[in-house]
1. Among what's in the range 163-192 and is without any contact (Cβ under 8 Å) to a residue 40 or more places away in the chain and under 21 Å from residue 30 (Cα atoms), pick the residue that is least open to solvent (accessible area, probe 1.4 Å).
2. Kindly indicate the residue of the range 321-331 that is touching a helix residue (DSSP H, G or I) at 6+ places or on another chain (Cβ under 9 Å) and open to solvent by less than 60 Å² (accessible area, probe 1.4 Å) and also nearest to residue 94 (Cα to Cα) among those meeting that condition.
3. Return a yes/no flag: does the range 21-32 have any residue that is over 22 Å from residue 209 (Cα atoms), open to solvent by less than 10 Å² (accessible area, probe 1.4 Å) and out of contact with any Phe, Trp or Tyr (no Cβ under 8 Å at 6 or more places or on another chain).
4. May I ask you to list the residues in the range 21-50 that are of a type in the set (Gly, Ala, Ser) and assigned to a loop (DSSP other than H, G, I, E, B)?
5. Under 6 Å by Cβ, and 6 or more places apart or on different chains, what pairs join a residue from the range 75-87 that is touching a residue at least 60 places away in the same chain (Cβ under 8 Å) with one that is surrounded by fewer than 23 Cβ atoms within 10 Å (Cβ to Cβ) and not in a loop (DSSP other than H, G, I, E, B)?
6. Pick from the range 101-128 the residues that are without any contact (Cβ under 8 Å) to a residue 12 or more places away in the chain and not β-branched (Val, Ile, Thr): which of them is surrounded by the fewest Cβ atoms within 10 Å (Cβ to Cβ)?
7. So which residues in the range 51-97 are out of contact with any strand residue (DSSP E or B) (no Cβ under 8 Å at 6 or more places or on another chain), buried (at least 21 other Cβ atoms within 10 Å of the Cβ) and in a loop (DSSP other than H, G, I, E, B), if there are any at all?
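The values are calculated or read from the model by the stated rules, or taken from the named source; none is laboratory data. Bear in mind that the values here come from a model prediction, so they are computed numbers and not experimental data. Every residue, glycine among them, receives a Cβ derived from its backbone with ideal geometry; neighbour counts consider all protein chains shown. These area figures cover heavy atoms from the full protein model, side chains too; ligands, DNA and RNA do not enter into them. Shrake-Rupley method; radii C 1.70, N 1.55, O 1.52, S 1.80 Å.
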Amino acid sequence: MTAPITIRLGARARQRIAAEGVQAADVAIVPAAAGGPKGLILHGLDCWMFGGWLQAAPRQRRLVGASIGAWRMAASTFDDPVAAHQRLARLYAAQRYPAKVTPAYVSQTCRALLDELLDGRAAEAVGHPDHHLSVLTVRGVGPLGRTGGQRWREMAGFLRAAASNTVARRHLAASMERVVFHHAADDAGWLRQPFDAFAAHFVGLQPANLRDALLASGSIPLVLDAVSAIAGAPDGAYWDGGLIDYHLHLPYQRDPGLVLYPHFSDYIVPGWLDKAMPWRRAGGGDPALDNVILVSPSPAFVASLPNGKLPDRRDFKFYGQDHAARTRDWTRAIAESERLAEAFARWCERPDLGQAAAF
């Protein structure tokens, strides 16, 4: 039977596993990509990791995410992470929108979703003793810092940003800054020393700003409204963290531990605007991937899902007002994700390095 997962290993991760096997105690960072509904396919892995495997080897770990990845990692920091992940999957799959919808309506719906996910217990997520959450967002600067909430200015600003990004990713820094909302006991020092062209701000997470930081991290431009007036953060308009950090191409090599990266893809794209540029993908010899274990659904597994693909944002248009059919198919994909967890658990027990590709 074709394996449901694909595994890629950095050189240091491969050496460590060859010598010691896969040890939960070695896992220091868990990244979680932006990607909207695609993140639902990692539900089984999330529940397996945070519901038992990592809990059995407590240590300080950094959980870092953007957009739905940030929502997943926030769920992982609750006292009962499995219940939180189940709540997130149910709420996300049950989203319903009218045929004609405004960004304000989508923002209101997502805000309500996050309120139900957090369930009045934001203090659990921002105060977990071992699992330190970081939420990645984008703050508009330059033209995107002067939109005044006007839709045409936002559109013009993002079109200009996209055009500059096609020339070179570094040019995007004229329009956007990275803002990291981080656990109070972890200053996110591994991200403070510059590693790319983007200016960065660091804001401590607290119950008063967690919901807004999570909402900002998933606020797709022109689909949701920008988020502003976030407690403790610099003034400005905040958008989806995936604009800069789509697949979280971060300086993981700065940590001596391993990075366990459950991902819906077997490659890493730096920013959302880089999706159509395969030459921008992180690849072999990249030091940032040296200590990374990347586990993702195999092509055969994806082909077995409804419509032969992962859930994605296009499904809202594909299914239209047939909300029940979309929820049914997304729920089936979520259930199938258990197979990914079972396969990876078996591999961790007896790691076959011949099954694992290099980056």
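1. 189
2. Of all residues in the range 321-331, those touching a helix residue (DSSP H, G or I) at 6+ places or on another chain (Cβ under 9 Å) come to 325-331.
Those still in the list that are open to solvent by less than 60 Å² (accessible area, probe 1.4 Å) too: 325-327, 329-330.
Details: 325: 11, 326: 9, 327: 6, 329: 11, 330: 9 Å.
If we take residues in the range 321-331 being touching a helix residue (DSSP H, G or I) at 6+ places or on another chain (Cβ under 9 Å) and open to solvent by less than 60 Å² (accessible area, probe 1.4 Å), then 327 is nearest to residue 94 (Cα to Cα).
3. Checking the range 21-32: at least one residue is over 22 Å from residue 209 (Cα atoms), open to solvent by less than 10 Å² (accessible area, probe 1.4 Å) and out of contact with any Phe, Trp or Tyr (no Cβ under 8 Å at 6 or more places or on another chain).
4. Residues of the range 21-50 of a type in the set (Gly, Ala, Ser): 21, 24-25, 28, 32-36, 39, 44.
Those that are of a type in the set (Gly, Ala, Ser) and assigned to a loop (DSSP other than H, G, I, E, B): 21, 33, 34, 35.
5. Every condition considered, no pair remains.
6. Kept after step one, since they are without any contact (Cβ under 8 Å) to a residue 12 or more places away in the chain, are these residues of the range 101-128: 101-102, 105, 108, 112, 120.
Filter once more, keeping what is not β-branched (Val, Ile, Thr): 105, 108, 112, 120.
Values: 105: 14, 108: 13, 112: 11, 120: 9.
Looking at residues that are without any contact (Cβ under 8 Å) to a residue 12 or more places away in the chain and not β-branched (Val, Ile, Thr), I get 120.
7. Listed by number, the list holds a single entry, 78.
So that you can scan it fast, the table gives a plain yes or no per residue for (1) over 14 Å from the mean Cα position of the chain (by Cα); (2) β-branched (Val, Ile, Thr):
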site: 38; (1), (2): no, no
site: 50; (1), (2): yes, no
site: 55; (1), (2): yes, no
site: 58; (1), (2): yes, no
site: 75; (1), (2): no, no
site: 82; (1), (2): yes, yes
site: 88; (1), (2): no, no
site: 94; (1), (2): yes, no
site: 98; (1), (2): yes, no
